[in-house]
Each structure stands twice: as structure tokens, then as C-alpha cells.
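*Asks:* Have a look at the structure that comes next, please.
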Amino acid sequence: MKTWQLWREDKAAVTRQLEEGLRHEGHNSAFGDNDLIVGFLMVEGFWSVLTETKADLLKKENGYPPRMLNGLCALRELAGVERIAQSGKVLGDEALLRLAGFQAEQIEAARADGRLCVDPETLSNHLSRISASAAEGSWWKHVRLLKSKRWYRGGVYAVDGTDITIPYGQEENYEGAEKRGDAVGYKLVVVLNIDEGHERVVGWALGGLARSEKAMLKEIFKGLREQFGRLGDWMDVLVMDRGYWGAEFLGGLKRSEGVAYVTRTRDDEVDVAREADGLARLESTKWQEAQEQHSRLGPMLVRMAGFSGLPLYDGENKDHGPCQVVVAEEYDLKGRRLPERPRFRYVTSLPVDPADPRSVQRVRAYYRRRWSVENQGFWVLTKRWNLDALAGRNLNAIRARLNFVLQLYNAENCCAWKHPGSFQKELPRLKRPPKGERLGRASIMVYTPDGRVGSFQAGEYRKLLTTAVEKATQAATRDNLKAAIIRALREGKNIEDILRDL
């Protein structure tokens, strides 16, 4: 049975077949969903936050207003254009330009002169005129909007970082870039609400590649405190990987901020890891078992044990505890230890009762939810939003683009949550459906029986079908006339009678 097929992208061949009226299959592509997200941005207030981002380093406004250029930057990201230099299709699309605020006369004048209303360099220059404080102000306005709508769910958050690298040896050409080992570039740290299905970034920081992620996290905390008060008033648990390890930092997080933490020991040699291993060897230790399903490893059996009240020492032997530790080991369903998997030691300030399986399993479950950031959040940001594509070599431009991308990431997640159905079904549910057309991208995919595929705009597709219908009608008319004449001659009619009848 045939289960798959390869398709060759050949728009010219598909066009010829459409004009000839040959059989084909046409499908609406997902590109049209951008109509829904644009409408959602406008209706829910996200569009205003994006377009009102201040270009405060602009010395003299002698071109297009910043709000129009901000709109184009947002539309460029939505249309999936990876680099600003590739923005020609977006910047020449009439529907997009009008949506961003350009007048019809401006668009027509540019078209008549054979130029774009806005060239890609203008966008890059515009982003470089948005200062760090202006980008930060735009971001906090976005987060306040989300909080006012109560679109951050639960109190569980996670923090993680990702590297944005540039070609080796070019760090001097990129403002603020740093070298770490053989890599050159930047580090992005985000704090993300990880309620399943409601992932939202609440804070972020950008720095050189060699910067400490822990120091960058403290910067994010400072901004969050200034905006929303003590972290513990709205954040219950913060999940971190071992890169944020530090006894003083973890102890202070609970005492000063009122936020519980879940993390892993930095390595096997820290005091709390060795003490937990010693307790795990005791015959009196109570082990809990649970079956889990992993996306890569499949079903597995996990044995866990919890220990309460362990001291948390720093490098100077100062106690910042107490803390709790959950030790976990992974086995296959036949009870054999998975050799490639280490022993996991989760350190937490949450209460753990060794005799209560739920309290032990909860700690591991919290840590496993980090995949929302590491495997989902950053994967989507990289693949969907081209997170690692730098807007230029100016640090302000790089930071400003990240501000747009992270706001749109949040908004798209909110849109998918509020409007989970198809584009056609969900668009009428918006309070004020948007006007305009597709976002400059092909909206119909055409597949032919000989294994070719082509993408077409709706108007382009309609024109080709019209041509095919006209050709078919003309051919049918000729064939009908020819058949009628032959039939009449066979019946013995003369040519004058035949022409009169026709």
C-alpha cells in the first residue's frame, strides 16, 4: 500500500496544467491563518503596544512615522521573513502596507517609480533607533496587558537560556557580542509561565555569550519586582536547570522573594548530592514507583525517594538551607536500569514527605515541565520566529527585534488558546473581524497527478481557472459546431439551410 509520495515544486509546470484544465487538487494553506492573528492583535490591544514602541534615538522625524515602521516590522515577522534583507515581498505588498498605515497614493507613487515604499535598510535603521529603555518599556506594557487579561495561568514558571551565535571571528563587527570557547554571539535568557497550553514569556534579558545566566536572571527579577512587586505575590514556583546552581542564590530566592524553587544539583560532588546518595543507600529509605511516558525514550518505570531537611552549603561552607532532595532513577518496564540515563537529584524548597508518593512525584513533575521552555518554547521561537536571525550588527536593533518576536510569540499562543479552530471558523468570532487580504504569502497549494506542486495567491489561482474554463468552453463550442454540421450533411441538408440553422 502506498503510504507516502514525493512532490516536486514546479510552479511553471503546474501553471501550464491549470491553464489546460488538467485534473488537480487545491488546498488552502496555513498562511491564511495570519489574517486571524492580525485581527486578534488589533482587537485585543497587542497591535497598539507593538506599533507604539518609541524610536527614541531618532533625532529628526523626516520620513515615515515610527508607528508605521513598527507595524511593518511586526508584519514582516508574522509573514515569516527570516532576514530584513529578504523583506522585499512584504514591503511591496499593498495589503500589508495599507494595514501598516500607508496611504494608497504613497503605494501607487512608489509602484509607478518601480521602487518600494520602504526599503529593507530603512527597517534595519529604524530598529537601531529603538533604545534599550524603549524596548523594555514596550515589553512591560505588553506584559501588563497580558496580566490585566489574566492570561498568565497558574504560578509555575521556568527559566532557561539559549545561544544566538554568529560566524566565528566576527565578534568585533557585532556590538556587544562576546566569545565563549569557539562560539561568538549573544545569550538570551527568558522566564516563561509553563502552565500547559498557556506558555507565555514574562521576562527576558539579552547579553554577550560569556555572561552569567544567573546574573541575567537577577536582572529579569529586578524588572519584574519594579513592575509587579514581590515575586512571591504572583509566582509560586520557579523551575531552573543546573546552570543556575548556587546555595546563596537558591536560599535567597525563598527567603527574600517568597518563591519556591526546583532545580538539579550542579554535579555529583556538591555536599547535598553526596548526602542524598548516602541516604538513598539506607535500607530504611522508602522508594516510590511511577510509570512515565517520554517522547524520545517511550514508557519507563521511575523509582524515586525523597529526603527532607538537608543543609544547603555554599563554597565557603555556609549553610543556606534547609532544603529537600528527591532522588530519581529510570528503568525500562522489565526493571532494568537505563544505562544512558544518570541518577537525577532534584533540590527544592517545596515540602517533601518521604512517605507521601504525591509530594515526591510532584517535584520531578515540576522539573520535567521545563521542556516547555527548552524543547517547545525555544524550538518554536527558532523555527517559527527565526529567533537566531540577527536584525543587524547594532545591539539596539537586535534587542528591538527580539522585543517584537517575543511579544508576537506570546500573542500567537494566546490566539491559539482563545481561537483553537480553523481560520474560517474562528475569524467571525473576533469582536471586530479584520479587513484586508492574506499577508503577502501564497494561500493555495496545488498538487497535480504527476507529482508536482505549486503555491498560488487566491487571485492568481482564480485567473488560471478562468483561463482553463474559457479554453474548455471554446473547444466545446467548436466540437459542437463540427458535430452539428456533419450530422446535417448526413441528413442531406444543403449548406444554406445548415448555416441558417446554426
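*Asks:* Picking from Gly21, Gly39, which residue would you name as being at pLDDT 80 or above, small (Gly, Ala, Ser) and assigned by TED's automatic domain parsing to the domain that holds Lys471?
*Replies:* So the residue among Gly21, Gly39 that is at pLDDT 80 or above, small (Gly, Ala, Ser) and assigned by TED's automatic domain parsing to the domain that holds Lys471 is Gly21.
*Asks:* Sticking with this one: Only one residue in Arg211, Arg225 is farther than 26 Å from Ala389 by Cα and either surrounded by fewer than 16 Cβ atoms within 10 Å (Cβ to Cβ) or free of Cβ contacts under 8 Å to residues at least 60 places away in the same chain (or both), so which one is that?
*Replies:* Arg225
*Asks:* Based on what the data block shows, is Arg264 more than 22 Å from Leu188 (Cβ to Cβ), touching a Phe, Trp or Tyr at 6+ places or on another chain (Cβ under 8 Å), basic (Lys, Arg) and at pLDDT 90 or above?
*Replies:* So Arg264 fails the test.
*Asks:* Right, another one. Restrict the check to the stretch 3-16 and report whether at least one residue is modelled with pLDDT of 80 or more, of a type outside the set (A, V, I, L, M) and within 27 Å of Leu381 (Cα to Cα).
*Replies:* Taking every residue of the stretch 3-16 in turn, none turns out to be modelled with pLDDT of 80 or more, of a type outside the set (A, V, I, L, M) and within 27 Å of Leu381 (Cα to Cα).
*Asks:* Give, as residue ranges, the helices (runs of 4 or more DSSP H) completely inside the stretch 385-502 that count at least 3 residues that are within 27 Å of Trp151 (Cβ to Cβ) and modelled with pLDDT of 85 or more.
*Replies:* 395-418
*Asks:* Which numbered condition trips up Asp93, out of (1) at pLDDT 70 or above; (2) assigned by TED's automatic domain parsing to the domain that holds His126; (3) under 25 Å from Leu465 (Cα atoms)?
*Replies:* The failed condition is (1).
*Asks:* Next question. From the residues in the stretch 479-499 that are among the basic types (Lys, Arg) and surrounded by 10 or more Cβ atoms within 10 Å (Cβ to Cβ), which one is farthest from Gly21 (Cα to Cα)?
*Replies:* Lys493
The values are calculated or read from the model by the stated rules, or taken from the named source; none is laboratory data. Because the structure is predicted, anything quoted here is derived from the model rather than measured. Don't worry about glycine lacking a Cβ; one is built from the backbone with ideal geometry, like all the others, and counts go over all protein chains shown.
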